[in-house]
1. Would you mind putting 60-69, 6-15 in packing order, based on average other-beta-carbon counts within 10 Å, highest first?
2. Aspartates and glutamates near Lys51 by alpha-carbon distance under 20 Å, same-chain residues fewer than 8 away left out - which ones?
Amino acid sequence: MLSDEGYAVTLPPDEDGQETEVTFGKRDYERKFFSDETNLSFIRCFLENAKCDPITGEPGKTVMFAVSRKHATKLVTLLNEEATRRWPKEYSAGSTFAVQVTSDIPGAQQMTIDFANYNLNGKSKWPAEAFAITTSAARASA
């Protein structure tokens, strides 16, 4: 899909028996063409290759850009699920490993300022006495 040719899909015949071929390009990703597997692959690739804290193994503070608010919500959900899976003792279900910062989120502007100043709102069960700062929090923005 990311190639110059795009990703072609043949749709089932319509009521007239006509098949239609639709080609999705780069700009269609997550706007017209949705792929949960691609999003999960992206999240896992990020978590496996990001520069990480040498003690906790968590990625450092990160901003991810999404193509839409809906896509940002998907990315945040996947990041939190993966954090729970990778670090089950530190991040239980409903973790705040990642948060969404988009214009429709109350306090988004302040969240951006706090993020820039390392006033992070991530929460985990890492022992507080071992760390002087709060946890990193990945952010998905659209």
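1. On the way: 60-69: 14.4, 6-15: 10.3.
Ranked from most to least packed, the peptides come out as 60-69, 6-15.
2. Output for Lys51: Glu81, Glu82, Glu90.
Rule-based calculations on the coordinates, nothing more; no lab input. Being a predicted model, the structure only gives us computed values, none of them experimental. Backbone-built Cβ (ideal geometry, glycine too); neighbour counts: all protein chains shown.
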